[in-house]
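The structure under discussion appears below in the form of structure tokens.
The values are calculated or read from the model by the stated rules, or taken from the named source; none is laboratory data. Computed from a predicted model, the values in this text were never measured in an experiment. Virtual Cβ from ideal backbone geometry, glycine too; neighbours counted across all protein chains shown.
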Amino acid sequence: MARFLHIADIHLGFDRYGSPARTKDFFFALEDVFQRYAVQEQVDFVLICGDLFEHRTIQPAILNQAQLCLQRLKTAGIPVLAIEGNHDNRPYGTTTSWLKYLAQWGLLILLEPGNEGAGEPFYSPWDEAAHRGGYIDLPCGIRVLGSQWYGATAPQAIQKIAAELEMLPPQDGPTVLMFHHGLEGQIARYSGALRYKDLLPLRQVGVDYLALGHIHKNYSVDDWVFNPGSLEANNVEESGYARGAYLVSLTPTGVTAELKRDYRQREIVRLTLETRGQESLEDLQAAAIATVETAIAQGTLNPDQEPMVELRLEGSVGFEPLDLDTRQLQTQLQTLSNALIFLLKSNLESVAFQSPMADDASRDAIELNAFLDLLTGHRDYKKRAESLAQGLIDLKDRCLTGRNDEELYALVETLLQAETEHSSRQSD
């Protein structure tokens, strides 16, 4: 029986939030997974099915992170087999990449088809001296084959790989193929995914374990297709996915794959505040603070862990949403939660009031109702909407009867003075 670790989508060098500490999270996750589920479990080999790195061009510190992790496995005598993903594949027309560099240093085995245009066979056995090859027969009795990132041409590539597999020398043990591509129906808004029937030619030619990467969510199909998901969440939405590392036992009679999720990861907390439409600016700010405080009190959010936190503001409010100083509130909430990164996302709309009216309502009633709706929807005037609406009706009537400007201005000043006195009493 052979045992191996199957991971993908490590994304070393992840820098989306501009946080050096968050970038290190991806290194710490890989380091812990290797120690727990490769070294301690004494697996026969490790598979990395694409996207070891976040970018094709990486900083020296990120290369050092990869070298430290891979050196630990080399010291333990555990070979690492890898393929390129869409994030770390070499640009068109180039012949080298950071994965090839790591292969040249003997830190991993990069399995990839040969360049047939240059006269190379599609699949040749791994050459340890040249650090090249498309497949390898391991001492544990497993044959592992690599592939490349094919993008939209993946269905045609599968047909080619299947045909080439049939031409390889026979071997007695199970066959594993690494392939970086997604299967349809696993996540929303993902175009270009493969259909399950696109994969079947590989099963028909003897692939016993199809090791995928690319989609950051764990899934498996028919005890044959396995995708572990990313080790760390690349965004807060992915925190809700099951994902991790597969610890696999493979025999000629079957597969046992356990998804391991107990390793070092940054806590991600997602909170929602739903408004009812009557909130003032001050009400909303107080409610946001209370939402975070409640999450802390209930143990949902642990400030000691410096989590990533997202608070979504949903619904309608009685003021113009652009009046909310989201940056100031975000800073206040980040301090309160001790979050490494605090994301404040506002989907607020200004409440639109429209009171029901009878079909036979008079013109005066319609006008009064329109003023009431406008004033009720304003954060500063809604508590005195009725008296102010009557004042506006009076102002309109005086305009129509030709009153002079001094009298009209005096009425406006009276209305505003009354509003100021009302606001002062409310604050006291």
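Just a few scattered comments:
- A count restricted to segment 168-194 and to residues that are touching a residue at least 24 places away in the same chain (Cβ under 8 Å) and surrounded by 10 or more Cβ atoms within 10 Å (Cβ to Cβ) stands at 18.
- Candidates Arg264, Arg270 - the one that is touching a helix residue (DSSP H, G or I) at 6+ places or on another chain (Cβ under 9 Å) and either among the β-branched types (Val, Ile, Thr) or assigned to a strand (DSSP E or B) (or both): Arg270
- Checklist (1) assigned to a loop (DSSP other than H, G, I, E, B); (2) in contact (Cβ under 8 Å) with a residue 24 or more places away in the chain; (3) under 22 Å from Leu145 (Cα atoms) applied to Thr95, failing item: (2)
- Test: residue in segment 34-42 that is assigned to a helix (DSSP H, G or I) and in contact (Cβ under 8 Å) with a residue 60 or more places away in the chain: yes
- Residue within segment 50-58 that is closer than 29 Å to Ala152 by Cβ, touching a residue at least 24 places away in the same chain (Cβ under 8 Å), in a strand (DSSP E or B) and touching a strand residue (DSSP E or B) at 6+ places or on another chain (Cβ under 6 Å) present: yes
- Phe319 under 19 Å from Ser19 (Cβ atoms) and of a type in the set (Phe, Trp, Tyr): no
- Sole residue being part of a loop (DSSP other than H, G, I, E, B), closer than 22 Å to Tyr37 by Cα and not polar (S, T, N, Q), chosen from Gly106, Gly85: Gly106
- For Val248, the conditions (1) in a loop (DSSP other than H, G, I, E, B); (2) surrounded by 17 or more Cβ atoms within 10 Å (Cβ to Cβ); (3) not acidic (Asp, Glu) all hold with the exception of (1).
- Within segment 109-126, the set of residues being assigned to a strand (DSSP E or B) and small (Gly, Ala, Ser) is empty.
For (1) of a type in the set (A, V, I, L, M); (2) within 26 Å of the chain's Cα centre (by Cα); (3) modelled with pLDDT of 95 or more, each residue gets a yes or a no:
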| position | (1), (2), (3) |
| --- | --- |
| Gly119 | no, no, no |
| Ile142 | yes, no, yes |
| Ala157 | yes, no, yes |
| Ala163 | yes, no, yes |
| Phe179 | no, yes, yes |
| Tyr190 | no, yes, no |
| Asp198 | no, no, yes |
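- For segment 216-233, the condition of being at pLDDT below 95 and of a type in the set (A, V, I, L, M, F, W, C) holds for none of the residues.
- Every listed requirement among (1) assigned to a loop (DSSP other than H, G, I, E, B); (2) of a type in the set (A, V, I, L, M, F, W, C); (3) in contact with a Phe, Trp or Tyr (Cβ under 9 Å, 6 or more places away or on another chain) is met by Ala129 save one, (3).
- Gly213 vs. criteria surrounded by fewer than 17 Cβ atoms within 10 Å (Cβ to Cβ) and not aromatic (Phe, Trp, Tyr): no
- Test: residue in segment 133-156 that is within 28 Å of Asp25 (Cβ to Cβ), among the charged types (D, E, K, R) and not in a helix (DSSP H, G or I): no
- Within segment 302-347, the set of residues being part of a strand (DSSP E or B) and either of a type in the set (D, E, K, R) or without any contact (Cβ under 8 Å) to a residue 24 or more places away in the chain (or both) comprises Glu310, Arg312, Glu314, Lys345.
- Taking the criterion of being of a type outside the set (D, E, K, R) and farther than 16 Å from Asp262 by Cβ, the residues of segment 219-229 that qualify are Tyr219, Ser220, Val221, Trp224, Val225, Phe226, Asn227.
- Residue check, Glu237 of a type outside the set (Phe, Trp, Tyr), in the same structural domain as Gly173 (by TED's automatic domain parsing), closer than 29 Å to Thr335 by Cβ and surrounded by fewer than 17 Cβ atoms within 10 Å (Cβ to Cβ): yes
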